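See structure below.
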Amino acid sequence: MLALVSSLAIHASSPTETGKLEPIRPVAKAFTLDYGGASVLDTYLSSIKYSGYNLRLSYERLQAMRFNPEKWVMQLEAGVDYANTLNPAQDLVFHTAMFDAKWGMMHRWRVVDGLQLFGGGSTQLRGGAIYAPVNSNNVVSVKAHWSVDLTAMAVYNRKFGELPITFRYQATLPVAGLMYSLDYGESYFELYEGNLSGLAHLSWVGNRFALNQLVAADLHLGNTILRFGYRGVYETSWVNNLNTQIFRHSLVLGLCGEWVNVPINSKLSDKARVISSIY
């Protein structure tokens, strides 16, 4: 394991019924900032694609599972993003604000020394709105999705001289779920009047395709881990004759580390095993 456990509060391992020591499972946390380009198309608001910049703040938590820490890893991720995009004439603006939260489990295969492959599933909530302040009729397009996803990840740990680096690639693809959408030409005033039929729709890769990819390198600088990477998001949907496309290409900068809690006056056994999630 290349990473040094930072904020080293090691929870003392306790003997199990068989006399074995319970393994220590550090929590890997990452706080990241994304910045890059974005393009937004929403035919409920306009038939023209808008382009501009995107910002995202996100939090990630990874930990080996208690029931089989060598082979199963849990991932929690949440974030908010904002895109400011303009039409080709540069005189009209879309403000896009979204949030998402995802939880999943992945099986781990240790292929060769330093290389780990992961595969599993997750569930995700994503929602927000696209705001067109100068529109006279349709001003806001609300987005809401719930999905069940497939996710795959590859992690490679290697030392370059005295510098340990963790290389990582992860892709997530929703395969089924539910999404919210108005009908073409329907206004939110009609919802206020009580017309609530036809708002929820089953989603699959044929009417909602949303691929999220992360490529990153984590540099282990003592007890601090710096993340540099790229995130690409391709999100499209087609429902009720309405087409939505949100594409983001961003550089990723982040601060990461591994933490475990140590009760006061506890001691770590020399025989305790530390099982990291990815490091």
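Some points to look at:
- For region 191-202, the tally of residues that are more than 29 Å from the chain's Cα centre (by Cα), surrounded by 13 or more Cβ atoms within 10 Å (Cβ to Cβ) and either more than 20 Å from residue 137 (Cα to Cα) or not polar (S, T, N, Q) (or both) stands at 1.
- Counted residues, region 38-73 - those being farther than 26 Å from residue 274 by Cα and not in a loop (DSSP other than H, G, I, E, B): 14
- Residue within region 138-148 that is assigned to a strand (DSSP E or B) and either in contact with a Lys or Arg (Cβ under 6 Å, 6 or more places away or on another chain) or free of Cβ contacts under 8 Å to residues at least 12 places away in the same chain (or both) present: yes
- Any hit, region 182-190, residues being closer than 22 Å to residue 59 by Cβ and surrounded by 19 or more Cβ atoms within 10 Å (Cβ to Cβ): no
- Any pair with Cβ under 8 angstrom, 6 or more apart, that starts in region 36-56 at a residue that is free of Cβ contacts under 8 Å to residues at least 40 places away in the same chain and ends at one that is acidic (Asp, Glu) and in a loop (DSSP other than H, G, I, E, B): none
- Qualifying residue in region 100-117 (condition: within 30 Å of residue 201 (Cα to Cα), in contact (Cβ under 8 Å) with a residue 24 or more places away in the chain and loosely packed, with under 14 Cβ neighbours inside 10 Å): no
- The set of residues from region 93-116 being of a type in the set (A, V, I, L, M, F, W, C) and modelled with pLDDT under 95 comprises 111, 112.
- Total residues in region 208-232, condition buried (at least 19 other Cβ atoms within 10 Å of the Cβ) and under 30 Å from residue 166 (Cα atoms): 10
- Scoring residue 175 on the criteria (1) buried (at least 17 other Cβ atoms within 10 Å of the Cβ); (2) in contact with an Asp or Glu (Cβ under 7 Å, 6 or more places away or on another chain) leaves a single failure, condition (1).
- Subset tally (residues that are more than 19 Å from residue 66 (Cα to Cα) and hydrophobic (A, V, I, L, M, F, W, C)) for region 98-116: 6
- Selection of region 160-189 for residues being farther than 17 Å from residue 143 by Cα and either of a type in the set (Val, Ile, Thr) or without any contact (Cβ under 8 Å) to a residue 40 or more places away in the chain (or both) yields 160, 161, 162, 165, 166, 172, 173, 175.
- Residue 126 vs. criteria touching a Phe, Trp or Tyr at 6+ places or on another chain (Cβ under 6 Å), in a strand (DSSP E or B) and buried (at least 18 other Cβ atoms within 10 Å of the Cβ): no
To keep it simple, each residue is scored yes or no on (1) modelled with pLDDT under 95; (2) touching a Pro at 6+ places or on another chain (Cβ under 9 Å).
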residue: 189; (1), (2): yes, no
residue: 198; (1), (2): yes, no
residue: 203; (1), (2): no, yes
residue: 217; (1), (2): no, no
residue: 249; (1), (2): no, no
residue: 252; (1), (2): no, no
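- With respect to the stated conditions, residue 205 is under 19 Å from the mean Cα position of the chain (by Cα) and exposed (fewer than 14 other Cβ atoms within 10 Å of the Cβ).
The values are calculated or read from the model by the stated rules, or taken from the named source; none is laboratory data. Since the structure is predicted, the reported quantities are computational estimates derived from the model, not experimental observations. Please note: Cβ atoms are built from the backbone with ideal geometry, for glycine as well, and neighbour counts cover all protein chains shown.
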